[in-house]
1. Quick one: in segment 210-228, of everything that is farther than 17 Å from residue 264 by Cα and buried (at least 20 other Cβ atoms within 10 Å of the Cβ), which residue is farthest from ligand 1 (Cβ to nearest atom)?
2. Of 231, 250, 192, which residue is without any contact (Cβ under 8 Å) to a residue 24 or more places away in the chain, surrounded by fewer than 19 Cβ atoms within 10 Å (Cβ to Cβ) and in contact with a helix residue (DSSP H, G or I) (Cβ under 8 Å, 6 or more places away or on another chain)?
3. Just to be sure I understand, how many residues within segment 255-288 are under 16 Å from the mean Cα position of the chain (by Cα) and more than 16 Å from ligand 1 (Cβ to nearest atom)?
4. Kindly state which strands (runs of 3 or more DSSP E) lie completely within segment 51-161 and contain at least 2 residues that are within 16 Å of ligand 2 (Cβ to nearest atom) and closer than 27 Å to residue 174 by Cβ.
5. Answer yes if at least one residue in segment 301-320 is without any contact (Cβ under 8 Å) to a residue 40 or more places away in the chain and within 24 Å of residue 391 (Cα to Cα), and no otherwise.
6. Any residue that is more than 15 Å from the chain's Cα centre (by Cα), in the same structural domain as residue 105 (by TED's automatic domain parsing) and within 15 Å of ligand 1 (Cβ to nearest atom) - is there at least one of those in segment 148-159?
7. Hey, among 318, 349, which residue is assigned to a strand (DSSP E or B), touching a strand residue (DSSP E or B) at 6+ places or on another chain (Cβ under 8 Å), within 29 Å of residue 220 (Cβ to Cβ) and not assigned by TED's automatic domain parsing to the domain that holds residue 153?
Ligand code: NAD
Ligand code: UGA
């Protein structure tokens, strides 16, 4: 099949490369010529494990191409995926659909034969109706269907998530579009992945409900972590104990500094806004959002407390700037809130991240950056591990400690065994257990 993908970010590029791997011919376009130039030169505009090899293989096989001409891409395609960003709208937190609407006008102008236009971007319930309306104004007689096919991949595990999903959700009541989408996903259907066909509005809401539910699990375990610290219990045991119950499930119960990223925070805000628009209170998810914001803001406090109540004039080394491991994405990362709070309290911050330094430099130009964890902690009074990169799990703790002026280690992801940290001479503070 001939597929066009609009937007070569985390979702568009991964989806495009994976559809090409299924055997389809995929042309990806983006309005950012630098991103396209990088791809044409064999460089990835984002960091995602194994993506470079997948892209290179499919480019070499002639199934994956890149360009900036949206009209040309759409003219030739049977299926067009919209995978542009839907960030929080400035001012009210609703999803900003400007990028989606901008490209659906361009798509409408370019389509020729029957075309399935798919929103893969995360969009509020009812957006498909608006996309269809905009396209009908441009092309009243155009032969097309607007379908919702939300994406559930995670950054850092995006290729595996795309190739082995728990389900594919497709919102359409157009029989021709249904047949085309079934063909598109045939390799997954043959691998027993359920294709769940539903209405467009239901599909749109499945996406927000899934993210909100996952965020709620994390918010819940973080609340349990706070209780464990006071009640002298261990949150790892509580999470394991409840996760064994199959009705609860073991995943997404890892306590930490609060969830971040380009999706959970903005998607739960957008869901709250949609619910308000429909006059429906969403108290549970409003509480999850507020508790998470509060948590991220308060996380610096445990480091300040471990330093004796003040960090004024002290140097703090921050290991991990991305919102999670295995990505270069620093959007809404807990590290940003922690660093800002530490700076506000008078600390000098030096930071290191295996992949997130370029994005972090643009966001936080006023902190010092190190080239590796050991130079990052040199002369520091405290070290904070904020992202669970595997390189941080295997740090030589004695070497780390010997380079520092102080002994505080705050492990916001519980990746360092407390006993090993103590043996290396650290005063170790974790999450969800008495330190
Ligand atoms: P991103 O910001 O990484 O990439 C978006 C890309 O779209 C950019 O390269 C941008 O230049 C391009 N773009 C914007 N407007 C365009 C236009 N009019 N024409 C052509 N290109 C245009 O975004 P992302 O993280 O890939 O997210 C895309 C969507 O997918 C969002 O709605 C997001 O909520 C959703 N989503 C993201 C993830 C994730 O893990 N990042 C997972 C599931 C769903
Ligand atoms: C999340 C969802 O997991 C994806 O299914 C969804 O497609 C995506 O959002 C999206 O809509 O964009 P992502 O944000 O890439 O994916 O990463 P997650 O692994 O979900 O982590 C999100 C945040 O929660 C991170 O800050 C992470 O550290 C935190 N987290 C996650 C925890 O604190 N504990 C956990 O147990 C899991």
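The values are calculated or read from the model by the stated rules, or taken from the named source; none is laboratory data. Please read these numbers as outputs of a predicted model, since none were measured by experiment. Here the Cβ positions follow ideal geometry from the backbone for every residue, glycine too, while neighbour counts run over all protein chains shown.
1. Here is the first cut: in segment 210-228, the ones farther than 17 Å from residue 264 by Cα are 223-228.
Filter again for buried (at least 20 other Cβ atoms within 10 Å of the Cβ), leaving 225, 228.
Numbers: 225: 25, 228: 30 Å.
Checking each candidate, the answer is 228.
2. Of 231, 250, 192, the one residue that is without any contact (Cβ under 8 Å) to a residue 24 or more places away in the chain, surrounded by fewer than 19 Cβ atoms within 10 Å (Cβ to Cβ) and in contact with a helix residue (DSSP H, G or I) (Cβ under 8 Å, 6 or more places away or on another chain) is 250.
3. Here the count works out to 3.
4. In segment 51-161, 79-82, 115-119 are the strands (runs of 3 or more DSSP E) which contain 2 or more residues that are within 16 Å of ligand 2 (Cβ to nearest atom) and closer than 27 Å to residue 174 by Cβ.
5. Among the residues of segment 301-320, not one is without any contact (Cβ under 8 Å) to a residue 40 or more places away in the chain and within 24 Å of residue 391 (Cα to Cα), which makes the answer no.
6. Checked against the condition, which is being more than 15 Å from the chain's Cα centre (by Cα), in the same structural domain as residue 105 (by TED's automatic domain parsing) and within 15 Å of ligand 1 (Cβ to nearest atom), segment 148-159 yields at least one hit.
7. Values: 349 fails: within 29 Å of residue 220 (Cβ to Cβ).
Sole residue among the options that is assigned to a strand (DSSP E or B), touching a strand residue (DSSP E or B) at 6+ places or on another chain (Cβ under 8 Å), within 29 Å of residue 220 (Cβ to Cβ) and not assigned by TED's automatic domain parsing to the domain that holds residue 153: 318.
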